[in-house]
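The values are calculated or read from the model by the stated rules, or taken from the named source; none is laboratory data. What you see is a predicted model, and the numbers here were worked out from it, not measured in a lab. Here Cβ is always computed from backbone atoms with ideal geometry, including for glycine, and neighbour counts include all displayed protein chains. In case anyone asks, the SASA skips ligands and DNA or RNA and just uses the protein heavy atoms, side chains included. Shrake-Rupley method; radii C 1.70, N 1.55, O 1.52, S 1.80 Å.
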Amino acid sequence: CWRNKQTRNKEEAARGNEKDILTIIEEARPGFSKGQRSIARYILENYDKAAFMTASKLGQVVDVSESTVVRFAAELGYNGYPEMRRALQNLIRNRLTSVQRIQVAKDLLDSKDILTHVLSSDIEQIKLTLEEINRADFETAVSKIVDARHIYILGIRSASAIVTFMGFYFNLIFSDVHVVTESTSSEIFEQIMRIGDGDVLIAMSFPRYSRRTIKAMRYARDMGAHVIGITDAPTSPIAKLAHTPLFARSDMVSFVDTLVAPLSLVNAIIVAASARAKDDLVSNFDKLERMWDEYEVYEKSE
């Protein structure tokens with residue numbers, strides 16, 4: 001019956017189904033009603049537009065009721081239409097070119113207050129990250145970092161800004177931190193060539209995922225290092241390669257990826273790691289303060 005099918009789909013989703021939403025829709029099509037087939041056909045042919053439609057708007061476009069759209073999302077195993085729409089948005093963020101992203105965002109933002117929309121979206125991403133984060137994985141990641149012989153931090157393109165932030169503070173806390181800078185693939189491998197057992201690689205990437213980051217993760221795993229992946233979803237190739245994956249929601253605003261939630265997660269990792277660090281942080285920072293004062297690193301207020 002319909003309810004049994006819905007339950008099975010939810011169980012698959014709970015097990016961390018790695019298939020993208022278009023594959024899920026294709027596989028479920030034989031069991032759809034006439035109205036659901038119309039929804040499926042539209043999404044498969046226009047997923048970039050459907051990803052930003054409300055349930056009511058999608059229903060109007062395919063000439064079915066809003067309740068049919070909501071039931072369609074449940075049939076696929078999602079906890080409501082908003083979750084299904086987020087799955088579509090995750091999909092297109094990794095498929096669309098920058099030009100296509102700009103066009104989608106233009107259609108979405110034309111009639112909105114952009115400042116309010118962007119800041120509200122960032123707030124929502126942090127809330128969702130807090131609700132969905134696996135606390136056990138977070139604790140494991142922090143423990144691995146604190147106990148590591150050497151810490152390598154990798155993230156290129158837009159993720160490089162977060163890597164720089166983490167690297168700055170980790171260098172104040174730990175004695176052996178390597179920030180892997182953006183360069184050619186061969187140069188990235190040269191920077192991590194000595195990674196091995198007892199070391200940690202923290203790799204970050206968000207749609208569109210970096211192929212160089214993925215290759216470096218494979219190498220680190222082969223060398224025996226523990227790999228922590230910071231990315232946006234379980235379907236991410238970063239998550240599939242990480243021993244300990246951590247998820248932070250990111251969103252698409254025009255051609256720009258909003259990385260406020262990932263930065264907040266990294267901030268939490270820094271604070272948690274500093275609380276467990278084996279070195280005497282007070283002594284370290286006392287030494288730093290004297291050095292900063294002697295060499296006039298900071299401007300002093302009168």
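Check the stretch 57-67 and report whether any residue there is surrounded by fewer than 20 Cβ atoms within 10 Å (Cβ to Cβ) and either at pLDDT below 90 or under 20 Å from Ser158 (Cβ atoms) (or both). For the stretch 57-67, residues surrounded by fewer than 20 Cβ atoms within 10 Å (Cβ to Cβ) and either at pLDDT below 90 or under 20 Å from Ser158 (Cβ atoms) (or both): present. When the criteria are applied in full, Ile238 meets the requirement of being assigned to a helix (DSSP H, G or I), modelled with pLDDT of 95 or more and under 26 Å from Ala51 (Cα atoms). Only residues that are buried (at least 20 other Cβ atoms within 10 Å of the Cβ) and closer than 19 Å to Ala261 by Cβ were counted across the stretch 159-183, and they come to 4. Against the list (1) crowded, with 16+ Cβ neighbours inside 10 Å; (2) assigned to a helix (DSSP H, G or I); (3) among the β-branched types (Val, Ile, Thr), the condition Ile123 fails is (1). Within the stretch 126-139, the set of residues being in contact with a Pro (Cβ under 9 Å, 6 or more places away or on another chain), over 10 Å from Ala261 (Cβ atoms) and not in a loop (DSSP other than H, G, I, E, B) comprises Asp137 only. Lys240 passes every criterion in (1) under 20 Å from the mean Cα position of the chain (by Cα); (2) surrounded by 16 or more Cβ atoms within 10 Å (Cβ to Cβ); (3) under 22 Å from Ala136 (Cβ atoms) apart from (2).
With respect to the conditions (1) exposed (fewer than 13 other Cβ atoms within 10 Å of the Cβ); (2) touching a strand residue (DSSP E or B) at 6+ places or on another chain (Cβ under 7 Å), Ser186 lacks only one, and its number is (2). Condition test on Pro207, is it open to solvent by 10 Å² or more (accessible area, probe 1.4 Å) and not in a helix (DSSP H, G or I)? Considered against the rule, which asks whether it is open to solvent by 10 Å² or more (accessible area, probe 1.4 Å) and not in a helix (DSSP H, G or I), Pro207 comes out as no. The residues listed here are Val142, Val99; of these, the one that is of a type in the set (A, V, I, L, M, F, W, C), modelled with pLDDT of 95 or more and in a helix (DSSP H, G or I) is Val142.
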